[in-house]
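The structure appears right after this line, and notes come after that.
The values are calculated or read from the model by the stated rules, or taken from the named source; none is laboratory data. Just so we're clear, the structure is a prediction, and the values are computed from it rather than from any experiment. So basically every Cβ, Gly included, is an ideal-geometry build from the backbone, and we count neighbours across all protein chains shown.
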Amino acid sequence: MPVDPESLRKHYASLSDEALLAIDGADLVEIARKILHDEIVRRQLARPQANQRAHVPQITPGRRDGLDEDADIDRVPPGAGDEPAWLEEAAEVYSAEVRSGVVNAPDAADVRDVLEAAGIPCYLDGGEIPQQTSDSPEPTYRWRVMVPGRLNIYATSVLEREIFNEEFEAVWRTHLETLSDKEFRVMNPQIAFCGLFDKIERVTRAYDEEVARRRLKS
């Protein structure tokens, strides 16, 4: 009987983390195995071996999971993915701690997707955090999204615009609603965020001066 990919995606999405990881990919047809891998990657359920560094392969256009079609994510050893040449000089633009495969939104995969959509090369790197005590029954992992160092500022700004600014706007709106009319009058954005406006002026001035120094057309 032919596999219905959409139904299978919904089925895997409905399973608990434990049930999903209990599925043996070796027993599945290729398309089902691929969908299973996608769901595992989406939930960040790949489990590195204790005290070892685990790498999720670099994402390439058209391949959101970064894995070979026949790969089994549970059997990908630490460091199995090809590391980009720029990794040694990379900058971390986002990190999240994972326990039991759960990452608070926006999770590392969402951040990676935003950067990819902006054309920014990125690499998802993870490793288990050594337990200081034995109180926690579940291991904790730290996932990091890395970008080339020269794109650090740009990548951070893209993430602020596409992910974090919306939440900031909501907090700001809520804050304004709690103010009296007298308090509201002194909360003009140019006053409340004078440091931010000053920063914009400074980075713009520095850029324009560098353009002039290089005798380039802006």
Task: Enumerated helices (runs of 4 or more DSSP H) restricted to the stretch 142-218, each holding at least 1 residues that are of a type in the set (Asp, Glu) and surrounded by fewer than 12 Cβ atoms within 10 Å (Cβ to Cβ) - done: 165-177, 181-185, 194-214
- [ ] Exactly one condition in (1) modelled with pLDDT of 80 or more; (2) touching a helix residue (DSSP H, G or I) at 6+ places or on another chain (Cβ under 7 Å) is not met by Ser100; state its number.
- [x] (1)
- [ ] State which residue is modelled with the lowest pLDDT when the search covers only the stretch 108-139 and only residues that are out of contact with any strand residue (DSSP E or B) (no Cβ under 6 Å at 6 or more places or on another chain) and among the acidic types (Asp, Glu).
- [x] Asp135
